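Heads up, the thing below is written out as structure tokens.
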Amino acid sequence: MNDKNDETWWKIQLGGPDIKNAEFIPLVTDEDSENGPQDEIPNELPILPLRNTVLFPGVIIPISVGRNKSVKLIKAANKGNKLIGVVSQRDPEIEDPHPDDLYRIGTVARIVKMVRMPDGSTTAIIQGKHRFEWQRITASEPYLKAEINLLKGVKATASEKLDELIGNVRAMAERIVELSPNIPTEANIALKSIDSPNFLVNFISSNLNIGLEDKQGLLEIAELTKRAEMVLEYLVKELQMLEVKNQIHSKVRTDIDKQQREYFLHQQIRAIQEELGQDNPDMEIEQLRMRGDKKKWDDATAKAFNKELDKLQRMNPSLPDYSVGLNYVELLLDLPWNEYSKDNFDLDKARKVLDADHFGMEKVKKRILEYLAVLKLKGDMKSPILCLYGPPGVGKTSLGKSIAKAVGRKYVRMSLGGLHDEAELRGHRKTYIGAMPGRIIQSLKKANTSNPVFVLDEIDKIGNSFRGDPSSALLEILDPEQNNAFHDNYVDLDYDLSKIMFIATANRLDTVQPALLDRMEIIEINGYTQEEKVEIAKKFLIPKQRKAHGLKAGNFKLSDSVISRIIDEYTRESGVRGLEKRIASLARARAKQVVNEEKFSPAMNLEEVFKTLGSNRIEKELYQDSEVAGVVTGLAWTSVGGEILYVESTLTRGKGKLTLTGQLGDVMKESALTASTFLKAHCDYLDLDYRLFDQYDIHIHFPAGAVPKDGPSAGITILTSLASLFTQRRVRSNLAMTGEITLRGKVLPVGGIKEKILAAKRAGVTHIILSEVNKKDVEDIEPHYIEGLSFHYVKNMLEVLDLALLEEKVKKPLKLEVLSNRETEMSDFA
């Protein structure tokens, strides 16, 4: 083999005729011997079967010889004329092929060189010379021999079409060489150096990436033009496949390069973090997994947690989703799954704690102690859901803190005032940017326990909007049958809220959703009496303000009488917030005296109090005994406590018109109409002439006209006022009353009894008329608060009139005056 052929290998030899799936490396040559001289080729040739390849005329290939017959054949031919017949096997799996296992058409080959390899095998380099067809097998031992018939090739006539066809074949082959990573670029040089069209087609055919049968088909085509067209068709297909492969490879390569770059950078970051003593992402995830193993959550939660961690481990830490997932698993770890604080079952101690923090409120304290008692006996109980309802400043919110302290639980407070987005309670789905869990879950995370005392403050002031209705979301939270599987949108797992002691606070119940009210146990907290306020000031407010202003016990004191005057003249409330502000003002004044080293008495007197608080005193409504008929003292309830309310009525000449003034609501106007109608219907009982009502106009007035007034509780007061007016009988002294009336004269119960009674006592009233049904409300009041008061319980309005009206008349009865005038007029007419 000459130097030129040695330098033009396309591929490394992967096998030979005796090796399965052998692949040969053709050598380039410019020799075209198919139509050359044939005298030297005998009629009988030894036949060498080839596996997995086809030898084309003019092409040089190396073959590895392994079979005994093949070795004998190569050695014998190499010693002789070096000519052999090469035929491809139909089935490369057959070790000793018979004539029927061989194709009929093959190629005459000349042994160019035979090489003995270091491993003992033999490699022969052969060159195709001429196509032939074997006719008859003449010998099978020691190797196959056959008579052959040389096949003449159809010489193509030179034409533009053939030139263009050969040019396309050459260009396509060069393009394939450029795109194929397995073919060396020197192959293009070899292609360009081939001038013979016949050999160029044979050379390319030998290197096509097609099957054995297709290559054999090309060998059997005698006409060059047809063979070139078939080769071009195969080249087009191979080029298309290569282009698709290169596109995929380029895309994959780009992705891999990017990933490798990022991986390399992350490895550097991890190395730097390790040098600095910081945790890398893998270590961080393992630490999170170890923390998760210690949690007391159920199987579903543990599965979701580990699934999220596995996702994080596969994720690139620089991606935004990584931080989202990391925040999520950290929240799961921070939540107190099935972690509960130990309750304090010492009822005496719990009672002392409640008494120490709040004065009065016996109903609430009793309910909490009952809960603790049942919990101690049963060991497991759903926590109650309480709603403390009452006016501002009576200590509803602070009571929740005291309950937590008494029970031994953590305290959590959430203000619901102005809340209008349901997601504030349920959270947002974590797929949204900036998503967070709801405030329920956030509060439990801060409390670090699953059974805190949870105060839902101002539940009556929840709003709603297009974002949803938060009060509807509270239906699940406050339902003992549902809240053991509360679903927060961010956590996306069920969380047990049934062990939480929910305490809601409200100033009014009419704005709370009825379904929500049904889920709560309503406990009304009434306003404080004056005596209670004095005790609260002494035990809580004054010590608190001393501490807040840096005063000592010997620097600042207030006597009971001074505190009472402050309550009477500077506050108007059911609670003690205003009283605390006044005491704070006094404490600041005393702090100034201490700093200026002024002389002062530890106990502040009234003169100092009036000087400090100023002249902005509130004039309390006191009972005023009236000598005029038609004036009656009623009792009213306000948001800041009870008040006495005067009802004044008078008559003027007219046609029976009824006028009401004092900024009254519809209900109070209806009460006045009802009282007027009842009085007309029972005029005989009071010895009244029915014609009086057509001769006089009635005007009923309620003082303090700038203050809106409404409600049915003034019914008996209005009727008593009208009865007193028409009969001209005075009303008993020091008497006040409250109750609703009907057209039949029945006296119905009303609310706010405690506040009304305390207001009456403050005003100096000693006798109070109430509906018989309200007797139970009076019994709930501590006896020492109602000491000196006499209660008269009635069922109907006639009993009220008997109790309220005195027999003594203020002036001459109206009936006589009216009748006398009429008689005078009639006599004049006659």
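The values are calculated or read from the model by the stated rules, or taken from the named source; none is laboratory data. Everything numeric here is computed off the predicted structure, so don't read it as measured data. Backbone-built Cβ (ideal geometry, glycine too); neighbour counts: all protein chains shown. Note: accessible area is taken over every heavy atom of the protein model, side chains too, but ligands, DNA and RNA are not part of it. Shrake-Rupley method; radii C 1.70, N 1.55, O 1.52, S 1.80 Å.
Odds and ends about this structure:
- Whichever residue in the range 784-830 is outside any loop (DSSP other than H, G, I, E, B), of a type outside the set (A, V, I, L, M, F, W, C) and at pLDDT 85 or above and, among such residues, is most open to solvent (accessible area, probe 1.4 Å): Asp802
- Unmet requirement for Thr122, which otherwise passes all of (1) more than 60 Å from the chain's Cα centre (by Cα); (2) open to solvent by 40 Å² or more (accessible area, probe 1.4 Å): (2)
- With respect to (1) surrounded by 17 or more Cβ atoms within 10 Å (Cβ to Cβ); (2) under 14 Å from His792 (Cα atoms); (3) in contact with a Leu (Cβ under 8 Å, 6 or more places away or on another chain); (4) at pLDDT 90 or above, the lone exception for Leu722 is condition (2).
- Given (1) hydrophobic (A, V, I, L, M, F, W, C); (2) part of a strand (DSSP E or B); (3) modelled with pLDDT under 90, number of the condition Ile698 does not satisfy: (3)
- Whichever residue in the range 590-604 is open to solvent by 80 Å² or more (accessible area, probe 1.4 Å) and more than 58 Å from the chain's Cα centre (by Cα) and, among such residues, is nearest to Gly550 (Cα to Cα): Glu597
- Every residue from the range 545-578 that is crowded, with 19+ Cβ neighbours inside 10 Å, touching a strand residue (DSSP E or B) at 6+ places or on another chain (Cβ under 7 Å) and part of a loop (DSSP other than H, G, I, E, B): Glu573, Ser574
- Scanning the range 746-772 for residues that are more than 57 Å from the chain's Cα centre (by Cα), surrounded by fewer than 22 Cβ atoms within 10 Å (Cβ to Cβ) and in a loop (DSSP other than H, G, I, E, B) turns up Gly764, Thr766.
- The range 43-75 - residue that is touching a strand residue (DSSP E or B) at 6+ places or on another chain (Cβ under 7 Å) and open to solvent by 30 Å² or more (accessible area, probe 1.4 Å) and, of those, nearest to Thr138 (Cα to Cα): Glu44
- Residue in the range 338-358 that is part of a loop (DSSP other than H, G, I, E, B), under 21 Å from Leu456 (Cβ atoms), out of contact with any strand residue (DSSP E or B) (no Cβ under 8 Å at 6 or more places or on another chain) and among the hydroxyl-bearing types (Ser, Thr, Tyr) present: yes
- The lone exception for Asn316 - which of (1) open to solvent by 80 Å² or more (accessible area, probe 1.4 Å); (2) in a loop (DSSP other than H, G, I, E, B) it fails: (1)
- Positions within the range 644-667 being open to solvent by less than 60 Å² (accessible area, probe 1.4 Å), touching a Phe, Trp or Tyr at 6+ places or on another chain (Cβ under 8 Å) and within 24 Å of Ile757 (Cα to Cα), in sequence order: Ile644, Leu645, Tyr646, Val647, Gly662, Leu664
- Any hit, the range 266-281, residues being surrounded by 12 or more Cβ atoms within 10 Å (Cβ to Cβ), at pLDDT 85 or above, in a helix (DSSP H, G or I) and not aliphatic (A, V, I, L, M): no
- Any hit, the range 579-587, residues being crowded, with 18+ Cβ neighbours inside 10 Å and under 23 Å from Lys756 (Cβ atoms): yes
- Residues satisfying the stated conditions in the range 385-444, i.e. aliphatic (A, V, I, L, M) and open to solvent by 10 Å² or more (accessible area, probe 1.4 Å): Ile385, Val412, Leu419, Ala423, Ile433, Ala435, Met436
- So Glu524, is it within 28 Å of Thr638 (Cβ to Cβ), touching a residue at least 40 places away in the same chain (Cβ under 8 Å) and open to solvent by 50 Å² or more (accessible area, probe 1.4 Å): yes
- When residues in the range 668-704 are screened for being open to solvent by 20 Å² or more (accessible area, probe 1.4 Å) and of a type in the set (S, T, N, Q), 3 of them pass.
- Some residue of the range 205-215 being open to solvent by 80 Å² or more (accessible area, probe 1.4 Å) and either part of a helix (DSSP H, G or I) or out of contact with any Cys (no Cβ under 9 Å at 6 or more places or on another chain) (or both): yes
- Residues in the range 168-204 that are assigned to a helix (DSSP H, G or I) and small (Gly, Ala, Ser): Ala171, Ala173, Ala187, Ala190, Ser193.
- All strands (runs of 3 or more DSSP E) inside the range 95-167 with 3 or more residues being within 19 Å of Lys75 (Cα to Cα) and without any contact (Cβ under 8 Å) to a residue 40 or more places away in the chain: 105-116
- Residue count, the range 387-417 (criterion: farther than 28 Å from Gly751 by Cβ and of a type in the set (Gly, Ala, Ser)): 3
- Boolean, Val632 is surrounded by fewer than 23 Cβ atoms within 10 Å (Cβ to Cβ), aliphatic (A, V, I, L, M) and not in a loop (DSSP other than H, G, I, E, B): no
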